[in-house]
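Chemist: Below is a structure I'd like to ask you about.
The values are calculated or read from the model by the stated rules, or taken from the named source; none is laboratory data. Because the structure is a prediction, the values reported are computed rather than measured. Heads up, the Cβs are rebuilt from the backbone with ideal geometry, glycines too, and the neighbour counts pull from every protein chain shown.
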Amino acid sequence: MHPPTGAAPPAGRRERAEAASDPLRYRLSAFSQRPEARRLFGAAVALLLVYYAASKSLEIGDRSLLVLLNGLTSAGLYFLMASGFTLVFGLARVTNLAHGGIYLLGGYAALSVQRATDNWLAATALGALFAGGVSVVLYQVLRLLRGDGLRETMLTLGATIVIADQVLAKWGGIPTDLDPPSFLRGSIDLPGSALLYPKFRLAVVALALLAGLVLWVLLYRTRLGMLIRAGVDDPDMVSILGIRVPLVLGSVFVLAGALAGIAGAAGGTYLSLAQGEDNRILLASLIVVIAGGLGSLRGAGAASVIVGLVEAFAQTHHPVLSVLITFGMLIAILALRPHGLMGGADHARL
Amino acid sequence: MPASRRLPAAGALLVLIGAAIAAVPALVSDFVLLQIVIKSLWLGIAGMSLAFLIGQAGLISLAQTAVFGASGYLMAILVLDHGLTIWAAVAAAVAAGPVAGLVIGAISRRSSDLYLMMLTLAIGVFTFFFAQQYQPITRGHTGFNGFDAPLLFGADLSERKPLFYVSAVAAVAVVALFRLVMRTPAGLAFRGLRDNRDRLQALGYSTSATTISAFAVSGFAAGVGGVISVWYNGAISPGSIDITRIIELLIVVTIGGTIRIEGAFLGALVVTLLRNYANEYTNRTETLVGAAFMAIVLLSRHGLLGILLNVKSLALKALRFFRGQRMASEKEAVA
């Protein structure tokens, strides 16, 4: 038997011993471990999928533009959620499963403000503030556990139950929604077709882009952002240098909560506020965050677009199987890249 | 203890447990037997699958409800849609548990810790959405209703007492099976996975294979729990495996602690009691359950059982301290 050519990483001793008696398996494992082969395979699969999507889209003609826009709208909402989730994970190593609950709280708080003032922007701002406040309170409780990741996660799960039940007590179980601001009511004509599209949904995409831009400026152009990035790389070193890490962490929690609150107000406007919405959005952002690579902001951005588009496509063409398709995509991504699209093996990359 | 002496001890234990099981229906009211005892039993069996994964293999899975649901749904589908005889369906459903565990383990074989938790959460919630959406097989929202529990030796398992006895025997059997697995080399490998992954791998074990087999073993309990729950409820729907159920299992295990897998039954009992009796005092049962869960997570690493054990060791320490004081003062008196 010839040794394989190319730079295969060394396999475990046991694997190699087994492989020696099984040439086919050896070749297969050598194939799966060669990055260029994996990339080629991934590219081939992606090409096939794009071809399939394009041919399906041609069938419905004009309406595929709607699918595209729906996908981007969802992507915008998912990015608002996933960016906060992934920042908190990257910096504090906390898997905040109460993020969906905070989304709902932000949305409902905005609803109350809007009923009182009839001002969407004020409602969203106060909703975001409230969600950020809840988030930082949660952080203060989490600090009691001193970095025990598992118990922290379970605590956030407990918080999810409490939040969901309190929301039910305060706002009731009937689905409801916010009115879009007056300048975003109604629809616009899509260029080059006879289709109409709600203005507000397009505004959600713009909002997500704005949030991405603000986050980028914050992370790469400010002192706080520098501290956050340093904290992701090496929290111990940052604290030795005399930085008050809890303060940095607290501000990240506020930021993540506020983003979730904004997402809640936006989602509550074009979708609805209801029981169970928190879990739906949590699942979607989990998929985005895992697919993008935990702790990676760029990954969250890329994955939210992919997940949003795949979901919108699946809901249009295979409504019964839509969840299965979204999930299959996640499994495929993880099979090719175990740490997500842009996740590192050992530490997160922003 | 040599094996020859272990056998009578095990026999005595079995007789004791048997006597305790036989005594329960006489001791509690019909309501408590149905609403508390039997429910805690199947919830505890399902919880034990998670307690085993966390306590023995160090794998935190939030996908055990998916296994639970796979078994329950399979039984309902085979009987109600395909007209299979009930015991054949039960056998298939129980076998489906380890198979579902195998699949989940295979998907998440490379993950650990928080990554694993999130991946399995995604699997668990996905299974819920699948059950809700994929109507041709799962009947969507409503799920399967009107499932009749089978007859066993002429006893109708939709009656309280027969169902109780069967659940209790199943619970003992699952505990025994898990204890047995824990003694085998495979059980040792699971603990190796929990304590030191890298070292396990250096010793020549495949962590992937170990993870997958731990999921498969634990899937058995979740499957058995799923089957009994369908007998108990006479129905299964997406609501039986939604995120509140996922969290409920985690609460059961957290309250019970994972030092001993049997702790799951303690956790199940506490949760069932809270759900049944808390609404006499407050309308916000869920808030209470969530807050109790958070409090226990904050207070103890090993759940209620851990708190109890802590209190016990503290009491012992205090006792020793006072005894020491007294002895010292007696010595002074002598001097």
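Chemist: Which pairs turn up if I take residues in the range A:279-290 that are more than 9 Å from every other protein chain (Cβ to nearest Cβ) and look for partners that are among the small types (Gly, Ala, Ser) and surrounded by 24 or more Cβ atoms within 10 Å (Cβ to Cβ) with beta carbon separation below 7 Å, at least 6 apart in sequence or on another chain?
Modeler: A:ILE281/A:GLY100; A:ILE281/A:GLY267; A:SER285/A:ALA82; A:VAL288/A:ALA82; A:VAL288/A:ALA300; A:VAL288/A:ALA303; A:VAL288/A:SER304
Chemist: For residues that are assigned to a helix (DSSP H, G or I) and in contact with a Pro (Cβ under 8 Å, 6 or more places away or on another chain), scanning just the range A:243-285, find the one that is surrounded by the most Cβ atoms within 10 Å (Cβ to Cβ).
Modeler: Across the range A:243-285, the extreme among qualifying residues is A:THR269.
Chemist: To continue, here is another question. Hey, A:LEU126 hits all of (1) assigned to a helix (DSSP H, G or I); (2) over 20 Å from the mean Cα position of the chain (by Cα); (3) within 10 Å of chain B (Cβ to nearest Cβ) but one; which does it fall short on?
Modeler: Evaluating A:LEU126 over (1) assigned to a helix (DSSP H, G or I); (2) over 20 Å from the mean Cα position of the chain (by Cα); (3) within 10 Å of chain B (Cβ to nearest Cβ) leaves (3) as the failure.
Chemist: Can you find a residue that is more than 12 Å from every other protein chain (Cβ to nearest Cβ) and touching a Gly at 6+ places or on another chain (Cβ under 8 Å) anywhere in the range A:316-328?
Modeler: The answer is no, given that none of the residues of the range A:316-328 is more than 12 Å from every other protein chain (Cβ to nearest Cβ) and touching a Gly at 6+ places or on another chain (Cβ under 8 Å).
Chemist: Would it be correct to say that B:PHE178 is modelled with pLDDT under 90 and out of contact with any Cys (no Cβ under 6 Å at 6 or more places or on another chain)?
Modeler: When the stated conditions are applied, B:PHE178 does not pass them.
Chemist: Hey, any hits in the range B:264-284 for a residue that's at the interface with chain A (Cβ under 10 Å from one of its Cβ atoms), of a type in the set (A, V, I, L, M), in a helix (DSSP H, G or I) and buried (at least 24 other Cβ atoms within 10 Å of the Cβ)?
Modeler: No; the residues of the range B:264-284 include none that is at the interface with chain A (Cβ under 10 Å from one of its Cβ atoms), of a type in the set (A, V, I, L, M), in a helix (DSSP H, G or I) and buried (at least 24 other Cβ atoms within 10 Å of the Cβ).
Chemist: OK, next. Checking the structure you have, find out if any residue of the range A:26-49 is at pLDDT below 95, under 24 Å from A:ILE163 (Cβ atoms) and buried (at least 20 other Cβ atoms within 10 Å of the Cβ).
Modeler: There is no residue in the range A:26-49 that is at pLDDT below 95, under 24 Å from A:ILE163 (Cβ atoms) and buried (at least 20 other Cβ atoms within 10 Å of the Cβ).
Chemist: Go through the range B:131-158 residue by residue and tally those that are without any contact (Cβ under 8 Å) to a residue 60 or more places away in the chain, more than 16 Å from B:ILE241 (Cα to Cα) and part of a loop (DSSP other than H, G, I, E, B).
Modeler: Residues meeting the conditions: 2.
Chemist: Next question, about the same structure. Tally time: how many residues in the range A:169-202 are without any contact (Cβ under 8 Å) to a residue 40 or more places away in the chain, within 23 Å of A:LEU309 (Cβ to Cβ) and small (Gly, Ala, Ser)?
Modeler: Residues that pass the stated criteria total 2.
Chemist: Same structure, new question: Taking the condition hydrophobic (A, V, I, L, M, F, W, C) and either at pLDDT 75 or above or in contact with a His (Cβ under 9 Å, 6 or more places away or on another chain) (or both), does A:LEU77 pass?
Modeler: Answer is yes for this residue.
Chemist: Has the range A:291-311 got any residue that is farther than 26 Å from A:GLY132 by Cβ, within 14 Å of chain B (Cβ to nearest Cβ) and part of a loop (DSSP other than H, G, I, E, B)?
Modeler: no
Chemist: A follow-up question, please. Taking the criterion of being surrounded by fewer than 24 Cβ atoms within 10 Å (Cβ to Cβ), over 22 Å from the mean Cα position of the chain (by Cα) and assigned by TED's automatic domain parsing to the domain that holds B:VAL174, would at least one residue in the range B:36-52 satisfy it?
Modeler: no
Chemist: I'd like the full set of residues that are over 19 Å from B:GLN35 (Cα atoms) and away from chain A (no Cβ under 14 Å), limited to the range B:238-263.
Modeler: Selection gives B:ILE259, B:ARG260, B:ILE261, B:GLU262, B:GLY263.
Chemist: For the range A:131-183, how many residues are of a type in the set (Gly, Ala, Ser), within 7 Å of another protein chain (Cβ to nearest Cβ) and over 21 Å from the mean Cα position of the chain (by Cα)?
Modeler: Qualifying residue count, the range A:131-183: 2.
Chemist: If you take the residues of the range B:117-131 that are out of contact with any Asp or Glu (no Cβ under 9 Å at 6 or more places or on another chain) and facing chain A (nearest Cβ under 7 Å), which of them is farthest from A:ARG280 (Cα to Cα)?
Modeler: B:MET117
Chemist: In the list A:VAL113, A:VAL67, A:VAL88, which residue meets the criterion of being assigned to a helix (DSSP H, G or I), buried (at least 18 other Cβ atoms within 10 Å of the Cβ), among the hydrophobic types (A, V, I, L, M, F, W, C) and without any contact (Cβ under 8 Å) to a residue 24 or more places away in the chain?
Modeler: Exactly one residue qualifies, and that residue is A:VAL113.
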